[in-house]
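The values are calculated or read from the model by the stated rules, or taken from the named source; none is laboratory data. The structure presented is a predicted model; accordingly, all values stated were derived computationally and were not measured. Quick reminder, even Gly has a Cβ in these numbers, built from the backbone with ideal geometry, and neighbours come from all protein chains shown. Just so you know, the surface numbers come from the protein's heavy atoms only, side chains and all, with ligands and any DNA or RNA stripped out. Shrake-Rupley method; radii C 1.70, N 1.55, O 1.52, S 1.80 Å.
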Amino acid sequence: EVGRARVEKYGVVMFIVESLQRKLYEKIKEALRQLSSEDVQRCCHNYEGSFAPISNYVQYLFSIKEDDDKVKNAIQLGTGQLYTKREFEKVNLQPLTDYNRHEVLVFFLNVLAENGDFVLICIDELEKLQERSKVRFQNFLTSLRELIDLSSYINGHMLIVAMTDTAGKTGIPLESYNPALERRISQYTYSLDCIKKD
């Protein structure tokens, strides 16, 4: 999935989990059908810690994995496309919060990885967020930090985020916006010089 950073959608986790549903629904569905209950539990880190709140959701999804309509509905519940309390009550589940969708994203990515499918996610033109709203840019960076904090739970996959430094300075002063993020990514940040005509 390649896309521009969108001013109205600055939460990285929600952006990616919605993209997985739109672009890779069939792959997730097929991967689920190949996995055993032990595989699924492993993809959800044995339902421990922050994964405990999504255990019933994951077990439900596994239990209906052969029914296309139910799987589609369940994946939409997981990604937030279906989010009302009534929709969850129909399948006897507690509603998921946007925070729970962090773990849902990890689960879906791990399911894909178990089946040998890996995703390269590229987000370009991050400077558009910075130009439009410093608050939204800060919120984006915070959500990016939250995703990076989840990375130790994710098997495989890659995220590339690109930003043009429109001010003409060298490097992106992330430390001034979000020091916690800057500490996490400083060793993985690369700056490309401007192309110059000789």
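Applying a threshold of 7 Å to beta carbon distances and a minimum spacing of six or more residues, or different chains, the list of pairs starting in the range 1-23 at a residue that is farther than 13 Å from Ile121 by Cβ and open to solvent by 60 Å² or more (accessible area, probe 1.4 Å) and ending at one that is aromatic (Phe, Trp, Tyr) and modelled with pLDDT of 50 or more reads Lys9/Phe15; Tyr10/Phe140. Filtered by the rule that a residue be of a type in the set (Asp, Glu), assigned to a helix (DSSP H, G or I) and surrounded by fewer than 21 Cβ atoms within 10 Å (Cβ to Cβ), the range 71-116 gives Glu87, Glu89, Glu114. Any residue at all in the range 117-124 that's in a helix (DSSP H, G or I), open to solvent by 20 Å² or more (accessible area, probe 1.4 Å) and either at pLDDT 95 or above or closer than 24 Å to Cys43 by Cβ (or both)? Within the range 117-124, none of the residues are in a helix (DSSP H, G or I), open to solvent by 20 Å² or more (accessible area, probe 1.4 Å) and either at pLDDT 95 or above or closer than 24 Å to Cys43 by Cβ (or both). Figure legend. Inter-residue proximity from the range 69-91: first residues among the acidic types (Asp, Glu), second residues open to solvent by less than 100 Å² (accessible area, probe 1.4 Å), beta-carbon distance below 7 Å, spacing 6+ or different chains. Indicated pairs: Glu87/Leu77. Restricting attention to the range 125-159 and to residues that are β-branched (Val, Ile, Thr) and within 17 Å of Ile185 (Cα to Cα), the residue that is modelled with the lowest pLDDT turns out to be Thr142.
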